[in-house]
1. Among the residues of region 109-141, how many are closer than 17 Å to MET34 by Cβ and in contact (Cβ under 8 Å) with a residue 40 or more places away in the chain?
2. Residues in region 110-137 that are assigned to a loop (DSSP other than H, G, I, E, B) and either small (Gly, Ala, Ser) or surrounded by 15 or more Cβ atoms within 10 Å (Cβ to Cβ) (or both): how many?
3. Do we have ALA50 as buried (at least 19 other Cβ atoms within 10 Å of the Cβ), in contact with a Ser or Thr (Cβ under 9 Å, 6 or more places away or on another chain), in contact (Cβ under 8 Å) with a residue 12 or more places away in the chain and not aromatic (Phe, Trp, Tyr) here?
4. Restrict the check to region 213-220 and report whether at least one residue is surrounded by fewer than 24 Cβ atoms within 10 Å (Cβ to Cβ), of a type outside the set (A, V, I, L, M) and on the phi > 0 side of the Ramachandran plot.
5. Is it fair to say ALA138 is in contact with a Pro (Cβ under 6 Å, 6 or more places away or on another chain), of a type in the set (Gly, Ala, Ser) and within 21 Å of MET1 (Cβ to Cβ)?
6. For the subset of region 66-83 comprising residues that are of a type in the set (D, E, K, R) and free of Cβ contacts under 8 Å to residues at least 60 places away in the same chain, which member is surrounded by the fewest Cβ atoms within 10 Å (Cβ to Cβ)?
7. So, ILE149, is that one touching a Pro at 6+ places or on another chain (Cβ under 9 Å), of a type in the set (A, V, I, L, M), under 30 Å from GLU31 (Cα atoms) and part of a helix (DSSP H, G or I) or not?
Amino acid sequence: MTISNEEELTRLKDIGRIVADTLEAMGAAIEPGMTTAELDFIGRRLLEKAGARPAPELCYDFPGATCISINEEIAHGIPGNRRIARGDLINIDVSAEKGGVFADTGASFAVPPAARNIERLCRDGRRALWAGIRQVEAEKPLAGIGMAIGDFARRNRYTLIRNLASHGVGHSLHEEPKEIATWPDSSERRVMTKGLVFTVEPFLSLGAEWAEDGEDPWTLLSTPSAPTVQYEHTVVAMPNGPLVVTLPG
């Protein structure tokens, strides 16, 4: 999606705030002993109350309103009977549609008491995200995002998952530009046009470099197996820098 008028931007900001508020509320609701299905129901209820439709169900018939992944799972985890435990590392990905416009956001949460290296991984996952977001600006190269995130990861001795990329969003959940690397990619030649809407979503890890299929058709696992976090915002490339639309209201 490329924003062409103020009305489109208003609708994008609306759904962006909805998914951000939902993610924030779900993160605050995490408690040891609850199931991921119970956590997902909280998200579903909030989205529906705001007049939004869960994008994974709408677009892909995903069996849940949100994606909830725990520990060895790093993306697209199916909400179900798995119970959250103390010390778990949980990723929540919230995407939804309202008024024909989609937004996408995500974050990882360490359930107390968390190991010190996991707390540091979460902190640095957020820092890696913003290192990429700071490169967003109309007429700048898309490659700058992955270069900045890669430089952060290298300096802080992390690895990056290299087969889960950022993507365009807006008119649909996944659209052009597709496969925006959040790692250094010397082959990337595309440029961010004014008003371009897309996600920035690095997967920062303590050793993993790839995502591989799990036992069900959706869940992805880290390989080599290692703690991994994902943080995600939907952004708009503006002449004066990034506009982040998935901040809580």
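The values are calculated or read from the model by the stated rules, or taken from the named source; none is laboratory data. Bear in mind that the values here come from a model prediction, so they are computed numbers and not experimental data. Cβ atoms come from the backbone with ideal geometry, glycine included; neighbour counts cover every protein chain shown.
1. Qualifying residue count for the region: 2.
2. 6
3. no
4. The answer is no, given that none of the residues of region 213-220 is surrounded by fewer than 24 Cβ atoms within 10 Å (Cβ to Cβ), of a type outside the set (A, V, I, L, M) and on the phi > 0 side of the Ramachandran plot.
5. Judged against the criteria, ALA138 is a match.
6. The qualifying residue surrounded by the fewest Cβ atoms within 10 Å (Cβ to Cβ) is ARG83.
7. So ILE149 does not fit the description; no.
Residue-wise test of (1) outside any strand (DSSP E or B); (2) at pLDDT below 95; (3) more than 20 Å from THR66 (Cβ to Cβ).
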position	(1), (2), (3)
ASN163	yes, no, yes
HIS167	no, no, no
PRO177	no, no, yes
LEU243	no, no, yes
GLY249	yes, yes, no
